[in-house]
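Working notes, structure below.
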Amino acid sequence: MQQTRQQKIARLLQKELGDIFLAVAKQHQGTLISVSEVRVSPDLSIAHAYLSIFPDARAQEMLTIVEDNIRTIRFELGNRVRHQLRIIPELRFHHDKTIDYLENIDNLLNQ
């Protein structure tokens, strides 16, 4: 039962964070940020969000900008989900490298 609740909250956070990062990407022209996955701790206090950033050359720069604005992002998230969640989880962002991994596999298969 707890697992189902974690999944529902993770999907909700992924959707709302995606909308928030759409606005952030508009401020930084030429960059696309998407939330590929969100994992929520069993006590629902910490959410690990995995960000897919394109182009990959600006990934570290954008991740630094996101980390610097983490309080603003959490506040905006809280405004969006305040009727669904009692406590807004602490956010931790990670760079998702699965696209690079899949591209590497694709290149190896084509050789």
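The values are calculated or read from the model by the stated rules, or taken from the named source; none is laboratory data. This structure is a prediction, so every number in the text was calculated from the model and none was measured. As a convention, Cβ positions derive from the backbone with ideal geometry for all residues, glycine included, and neighbour counts pool all protein chains shown.
Structure above, values below:
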item	result
Some residue of the range 10-19 being in contact (Cβ under 8 Å) with a residue 60 or more places away in the chain, surrounded by fewer than 16 Cβ atoms within 10 Å (Cβ to Cβ), out of contact with any Cys (no Cβ under 9 Å at 6 or more places or on another chain) and farther than 11 Å from Leu91 by Cβ	yes
Count of the range 31-64 residues which are in a helix (DSSP H, G or I) and surrounded by fewer than 18 Cβ atoms within 10 Å (Cβ to Cβ)	7
Among (1) among the hydrophobic types (A, V, I, L, M, F, W, C); (2) in contact with a helix residue (DSSP H, G or I) (Cβ under 9 Å, 6 or more places away or on another chain); (3) at pLDDT 90 or above - the single one Met62 does not satisfy	(3)
Residues within the range 70-88 that are β-branched (Val, Ile, Thr), surrounded by 11 or more Cβ atoms within 10 Å (Cβ to Cβ) and farther than 13 Å from Ile20 by Cβ, tallied	0
Complete set of residues in the range 20-50 that are under 10 Å from the mean Cα position of the chain (by Cα) and either without any contact (Cβ under 8 Å) to a residue 40 or more places away in the chain or under 19 Å from Arg71 (Cα atoms) (or both)	Ile20, Phe21, Ile33, Ser34, Val35, Val38, Arg39, Ala47, His48, Ala49, Tyr50
Verdict on Glu67 being touching a Phe, Trp or Tyr at 6+ places or on another chain (Cβ under 8 Å) and surrounded by fewer than 13 Cβ atoms within 10 Å (Cβ to Cβ)	yes
Unmet criterion (only one of (1) assigned to a helix (DSSP H, G or I); (2) of a type in the set (A, V, I, L, M); (3) over 18 Å from His28 (Cβ atoms)) for Ile88	(1)
